[in-house]
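Asker: Quick one: the structure is below, questions incoming.
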Amino acid sequence: MDFEIRGNRGRPQGRKALVREREEYFRLMDQGVSSREACRIVGVNRMTGKRWRNGRRATGAKKGALPVRRPGGQDGPSRFLREADRIHIADRLREKASIRTIAAELGRSPSTISREVRRNGAMWRSSGWAYRPHAAQSRADARRPRPKPGKIGQNPELRDFIQDHLQRRWSPEQICQALRARFPDRPEMHVVHETIYQALYVQGRGELRRELTQALRTGRVMRRPHRQSYKRQPRMSAGMVMISERPAEVADRAIPGHWEGDLIIGKAHQSAIGTLVERSSRFVTMVHLPDGRLPSQVR
C-alpha cells in the first residue's frame, strides 16, 4: 500500500512529528529505493532525508545534528565495534594516524579497523571520501539483524540451477564456476561453494533439499570438522608421549638417548617410511614398513 502523506504540513512539525515519515523513509531505503525517491514518497525535502541518514555538521549559527537512530539499532556485544569506537576511529583518521596505531589503541586487530573503514566509509560531495562515525554506526546496525534470508532461498532460478547440477554429481566448486561463466553480468546468480554447503548441511534453512547431500562425492549427511584438533583421533593412542609433554632435558637436547619418531607417507598413500631421530646427536634411522602403517605395525 502506498504511503499517504499527511495533510496540514504547512507549519513546522518539529523533529518528533515525523516519526512515521522517518520509519517509511528507512524502509524504502532498505528496499533499494533511492534517497531522492524515498523523500518524494514520504513528502519531505531531500535534504531532510540526507540529514536523517548522515546527520549535520555545525556551521555558523546552525547547530549540528546526529543521524537518526534507526529502529532496532543498539550497541552490540563487546566483540563488535561500538559507536564510541567509531568516533575514536574518525578522530584519529583526521589526525592522520595509521590503521595499526588505531587498532593498538582500541585493542583490536588491524584488519578489523581496515575492514570497518572500507565498508562504512562513504563518498561525500563536499569533502570527497570520508569516514563519519554516526553514519557508519547506522550502516552497521542495519546489517546486524538476524536471521538473514539466504541468497539461494530467495532466488528460485539459482536454487533450481544448483539442485539440477548437484543431481548430475557436480561438486559445489564446479557449480560456482559454472554460474560465473554462464551469468557473468548477473551478480545475484553468483555464490561461493561454502554457501552451497551451508544450504545443504545447516538445519532449518531449507534452501536445498537435504537428500541432495547424498549426491555429493563424499556422500556425507553431516559435515565432519577437520580443523578442531581436540576432536581428532591420535594415530597411537597408547604408549605415545606428546611433544608438549616431554621434559626440559629432552627439549633442549642436553642429554643423549632421547628419540623422536615420525611417519612419512608416500605418493597416493601407497607406501610409508618411519623415521627415528636421536635428538642430541641428530642421528637418523629410517624404518622400512613393508607390511603397512597401522599403529601396531609402526610401533
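Values in this text are rule-based calculations from the coordinates and carry no lab data. Small disclaimer: the values here were computed from a predicted structure and weren't measured. So basically every Cβ, Gly included, is an ideal-geometry build from the backbone, and we count neighbours across all protein chains shown.
Asker: What is the packing order of peptides 84-93, 243-252, 171-180, taking the mean over residues of other C-beta atoms within 10 Å and listing the highest first?
Answerer: Result, highest mean first: 84-93, 171-180, 243-252.
Asker: Follow-up. Rounded to the nearest 20 Debye, what is the dipole magnitude of segment 83-134 about its Cα centre when Lys and Arg each give +1 and Asp and Glu each give -1 at the C-beta? Numbers along the way, then the final one.
Answerer: Working: 11 positive and 6 negative charges, 50 e Å.
Dipole size: approximately 240 debye.
Asker: How about segment 258-293: which trypsin sites (Lys or Arg not before Pro) there are in a DSSP loop, with at most 13 other Cβ atoms within 10 Å of their Cβ? Display every interim value, and only then the final one.
Answerer: Numbers: sites: LYS267, ARG279, ARG282, ARG293; in loops: ARG279, ARG282, ARG293.
Answer by residue number: ARG282.
Asker: Over 31 Å between Cα atoms: which of LYS96/LYS151; LYS62/LYS96; LYS96/LYS148; LYS63/LYS151 fall into that group? Show your work: numbers first, answer last.
Answerer: Working: LYS96/LYS151 39 Å; LYS62/LYS96 28 Å; LYS96/LYS148 37 Å; LYS63/LYS151 43 Å.
The pairs that break the limit, which is 31 Å between Cα atoms, are LYS96/LYS151; LYS96/LYS148; LYS63/LYS151.
Asker: Next question. Under 19 Å from the Cα of LYS267, which aspartates and glutamates turn up, not counting those fewer than eight places away in the same chain?
Answerer: Leaving aside aspartates and glutamates fewer than 8 places away in the same chain, those within reach of LYS267 are ASP291.
Asker: Nearest 20 debye, what's the magnitude of the dipole of segment 151-215 about its Cα centre given +1 on Lys and Arg Cβ and -1 on Asp and Glu Cβ?
Answerer: Numbers: 10 positive and 9 negative charges, 21 e Å.
So the magnitude is around 100 debye.
Asker: Continuing with this model, one more query. For a quick protection proxy, order the peptides 52-60, 181-189, 36-44 by their average other-Cβ count within 10 Å, most packed first. Before the final figure, lay out the partial values.
Answerer: On the way: 52-60: 14.1, 181-189: 10.8, 36-44: 17.6.
Output ranking for 52-60, 181-189, 36-44: 36-44, 52-60, 181-189.
Asker: Any idea how far apart LEU212 and TYR197 come out in nm if each label point goes 7 Å out from Cα toward Cβ?
Answerer: Those two pseudo-labels are separated by 1.6 nm.
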